[in-house]
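One structure below.
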Amino acid sequence: MTVQVTLSHLSEEEQNAAAVPKANKKDLRKLEVKIRIDDSKGATDRKIEIPHLPAVIKRYDEARVISGSAFEQNNVGAEAFAISEQSVIFNAGGLDEEAIRGMFETSYCEVSWRTKDSGRTANRFSIGNLLHVQQEP
């Protein structure tokens, strides 16, 4: 299982696509959560749950969310892997790394699976605790 939680600055293309005033584009950040389970073709039940990232930010401040996206591929029994990804672009103006971590500290990703031979295996991860902050390019 691989879990990646990354906070980064936007690429030039992402900045250009953002519908915000140019002066505010330097404050935009992208939070991405990517989870992948490999070698699990024998699973009879496989779940990856990521909290809805825009909703987490909106609990903190309704006006910060710019956009979000999600992708999931989980064909139990047919493929030996499962992928779940989610991202959100938001205005991080006035927020430092500690504040952003705090926003997501009690937001958990949950990964579980069951095989014919064993019981249920489950793992839970705090987004805030796993957050890797990429430095400005």
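The values are calculated or read from the model by the stated rules, or taken from the named source; none is laboratory data. Computed from a predicted structure; not experimentally measured. FYI the Cβ positions are ideal-geometry reconstructions off the backbone, even for glycines, and counts take in every protein chain you see. These accessible areas exclude ligands, DNA and RNA; they are computed on the full protein's heavy atoms, side chains included. Shrake-Rupley method; radii C 1.70, N 1.55, O 1.52, S 1.80 Å.
In loop segments of region 30-137 as defined by DSSP, the chymotrypsin sites (Phe, Trp or Tyr not before Pro) with at most 16 further C-beta atoms inside 10 Å of their C-beta are F81. Distance from a point 7 Å along Cα→Cβ of Q4 to each backbone N in region 102-137: keep the residues under 15 Å and list them by number. Backbone N within reach: 131-135. Just to confirm a number: summing +1 for Lys and Arg and -1 for Asp and Glu over residues other than A70 whose beta-carbon lies under 13 angstrom from that of A70, what do you get? Computed value for this residue: -3. Straight-distance candidates among the lysines for linking to K30, with alpha-carbon spacing under 16 Å and chain neighbours fewer than 8 residues away dropped: K58.
The residues neighbouring D39, those whose beta-carbon lies less than 13 Å from its own, together hold a net charge of +1 under the Lys/Arg +1, Asp/Glu -1 convention.
Over region 51-124, accessible surface divided per residue gives 57 Å², non-protein components excluded, 1.4 Å probe. Using a probe radius of 1.4 angstrom, the carbon and sulfur fraction of the accessible surface of the chain is 43%.
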